[in-house]
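Inspection log for the structure reproduced underneath, given as structure tokens.
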Amino acid sequence: MTCSRGKASPDSHTKLRLFADAAGRCQNPGCNQPLFVDAGHKNIHIAEMAHVFAAADDGPRANAELTEAERGRYDNLILLCPTCHTIIDKAPDEYPDVVILWWKQQHGQRIAELFGAVEYSSRIQAREAIEPALAENRLVFEKYGPDNDYRYDPESELAATWQAKMLATILPNNRKIMSVLQVNRRHLNDDEKLTAARFQQHIADLEARHILGEPSAVAERFPPGMAQIFMDSR
């Protein structure tokens, strides 16, 4: 998911935003291919950042009126699989900017629907909405997480699998959980609101580490209160 185009390259915040919006899938709604795939015993990412208007004046869908900085902004980028990226750049007349931006919009709407970001009438319904994602993340952490013995060997195959599971499963699940918490904030008590705030910071720190490779010395850990959030009645 790298892009070396000088000032036309996205900054760290833009990369995180693109990753979050894509939720691990190609943003072409006609493709929707997973951007993390198994290759033998490894799981690799194949995501590519594509420019709507080319990074260079001689590229596909070039717009000479845009500055380099404008070409690297979020609004001018989309996350695609290698095949879709190649197709839109080799046939730019068939894939003008309006089509690519429509892809991005449609994908965003679909992900919002899948994430179940709706307001529920009760705490128990909100809990039921986030429980599968919480449970899946817990299972992945217990099986592949850094508390396993491979922490003494960061080059091990299990360490690579943990990184892949983080990108393909845990981070998208975290976004889904956070969206439910935000929309159903009225159901949270004061302690849970603090837990939700810590969880949001935990998400930001995880994404900075695992997407951008920028670990923080004071990263927020997973808040223990998340295990019981929405569980008891008020």
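The values are calculated or read from the model by the stated rules, or taken from the named source; none is laboratory data. Being a predicted model, the structure only gives us computed values, none of them experimental. Cβ placement follows ideal geometry from the backbone for every residue including glycine, while neighbour counts extend to all protein chains displayed.
Which of (1) loosely packed, with under 15 Cβ neighbours inside 10 Å; (2) under 18 Å from the mean Cα position of the chain (by Cα); (3) within 30 Å of Glu157 (Cα to Cα); (4) not aromatic (Phe, Trp, Tyr) is the odd one out, the single condition Gln105 does not satisfy?
(3)
Among what's in the range 20-30 and is touching a strand residue (DSSP E or B) at 6+ places or on another chain (Cβ under 8 Å) and in a loop (DSSP other than H, G, I, E, B), pick the residue that is farthest from Val99 (Cα to Cα).
Filtering first and then ranking leaves Gly24.
For the range 195-231, what are the residues that are over 16 Å from Ala133 (Cα atoms), free of Cβ contacts under 8 Å to residues at least 12 places away in the same chain and either over 21 Å from the mean Cα position of the chain (by Cα) or part of a loop (DSSP other than H, G, I, E, B) (or both)?
Passing the criteria: Gly213, Pro215, Ser216, Ala217, Val218.
Take Leu139 and tell me if it is within 24 Å of Leu171 (Cα to Cα), modelled with pLDDT of 90 or more and part of a helix (DSSP H, G or I).
On the way: within 24 Å of Leu171 (Cα to Cα): yes; modelled with pLDDT of 90 or more: yes; part of a helix (DSSP H, G or I): yes.
Answer is yes for this residue.
Pairs only if they're at least six apart or on different chains, beta carbon under 6 angstrom, first in the range 125-143 and surrounded by fewer than 19 Cβ atoms within 10 Å (Cβ to Cβ), second hydroxyl-bearing (Ser, Thr, Tyr) and in a helix (DSSP H, G or I); list them, first residue then second.
That search, which allows pairs on different chains as well, returns Val140/Thr169.
Tell me, please, whether a residue that is surrounded by fewer than 16 Cβ atoms within 10 Å (Cβ to Cβ), at pLDDT below 90, not in a loop (DSSP other than H, G, I, E, B) and not hydrophobic (A, V, I, L, M, F, W, C) can be found in the range 111-118.
yes
Does Glu94 satisfy being surrounded by fewer than 20 Cβ atoms within 10 Å (Cβ to Cβ), at pLDDT below 95 and not hydroxyl-bearing (Ser, Thr, Tyr)?
yes
Report yes if some residue within the range 152-161 is among the polar types (S, T, N, Q), surrounded by 15 or more Cβ atoms within 10 Å (Cβ to Cβ), modelled with pLDDT under 85 and not in a loop (DSSP other than H, G, I, E, B); otherwise report no.
Yes - at least one qualifying residue is present in the range 152-161.
Looking at Asn76, Asn43, Asn28, which one is of a type outside the set (A, V, I, L, M, F, W, C), touching a Cys at 6+ places or on another chain (Cβ under 6 Å) and either closer than 24 Å to Glu207 by Cβ or without any contact (Cβ under 8 Å) to a residue 24 or more places away in the chain (or both)?
That would be Asn28, the only listed residue that is of a type outside the set (A, V, I, L, M, F, W, C), touching a Cys at 6+ places or on another chain (Cβ under 6 Å) and either closer than 24 Å to Glu207 by Cβ or without any contact (Cβ under 8 Å) to a residue 24 or more places away in the chain (or both).
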